[in-house]
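Below is one structure, written out as structure tokens, with a few remarks after it.
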């Protein structure tokens, strides 16, 4: 199990001290929510923030680009230091475009993930699962932190766990949105591998809260 604190909820006046707390915890990834104000109705991190964080942390940089142009933004955030780029299926007009973005990211030597919004059919991911490293199931509507968990994510996770195991694939299942001690247990029991949590971690003692999630495994 991997815990990926979402820096969208970080107190950026305390960046270095909070990164230190994360490093001292059981978390091994940092999750970046990139929003372009078009694909989702909000703006968040630019690449300079990721590049600065990269200078102060050696944790795995998990970058989720909620953008209308994943071709362009994947390059931008790879240059900023991303270890994994996850883009949205809904941002692409065709299966060919999805495959093109996947290959472009792979060609840069970076891991690649694919995400879907809560209303998107999980089976739409099937053509791509064998070609990617991670699937991100959104358990809230992307665009804002602090939302409540949407329960239909559990069925999607369980379906993916069954499909990945049946076909002996290595793709990880990541879940983002409304994660706390209660919902984390539900998604882990459904088969998730990676937990993204923002408000729950950063509104409490960071190290203790991360370790509480870790102990659920």
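The values are calculated or read from the model by the stated rules, or taken from the named source; none is laboratory data. All values reported here derive from a predicted model rather than from experimental measurement. All Cβ positions, glycine included, derive from the backbone under ideal geometry; neighbour counts span all protein chains shown.
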task = Please indicate, with yes or no, whether at least one residue in the range 23-44 is part of a helix (DSSP H, G or I) and buried (at least 18 other Cβ atoms within 10 Å of the Cβ).
result = no
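Please pick out the residue among 1, 35, 10 that is in contact with a strand residue (DSSP E or B) (Cβ under 8 Å, 6 or more places away or on another chain) and either free of Cβ contacts under 8 Å to residues at least 60 places away in the same chain or within 17 Å of residue 80 (Cβ to Cβ) (or both).
Selected residue: 35, the only one of 1, 35, 10 that is in contact with a strand residue (DSSP E or B) (Cβ under 8 Å, 6 or more places away or on another chain) and either free of Cβ contacts under 8 Å to residues at least 60 places away in the same chain or within 17 Å of residue 80 (Cβ to Cβ) (or both).
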task = Go through the residues of the range 7-14 one by one and say whether even a single one is under 20 Å from residue 193 (Cα atoms), within 17 Å of the chain's Cα centre (by Cα) and surrounded by fewer than 18 Cβ atoms within 10 Å (Cβ to Cβ).
result = no
Of residues in the range 53-68 being in contact with a strand residue (DSSP E or B) (Cβ under 9 Å, 6 or more places away or on another chain) and assigned to a loop (DSSP other than H, G, I, E, B), the one surrounded by the most Cβ atoms within 10 Å (Cβ to Cβ) = 67
task = Consider only pairs whose beta carbons are under 7 Å apart and that are at least six residues apart or on different chains; among these, list those whose first residue lies in the range 103-116 and is within 17 Å of residue 90 (Cβ to Cβ) and whose second residue is modelled with pLDDT of 95 or more and assigned to a loop (DSSP other than H, G, I, E, B).
result = 112/132; 112/133; 113/132; 113/133; 114/132
key: Some residue of the range 69-81 being closer than 24 Å to residue 200 by Cβ and surrounded by 15 or more Cβ atoms within 10 Å (Cβ to Cβ)   = no
note = Of (1) in contact with a strand residue (DSSP E or B) (Cβ under 7 Å, 6 or more places away or on another chain); (2) buried (at least 17 other Cβ atoms within 10 Å of the Cβ); (3) closer than 14 Å to residue 70 by Cα, residue 106 satisfies every one except (2)
request  = State whether one or more residues within the range 130-144 are surrounded by fewer than 17 Cβ atoms within 10 Å (Cβ to Cβ) and within 14 Å of residue 187 (Cβ to Cβ).
outcome  = no
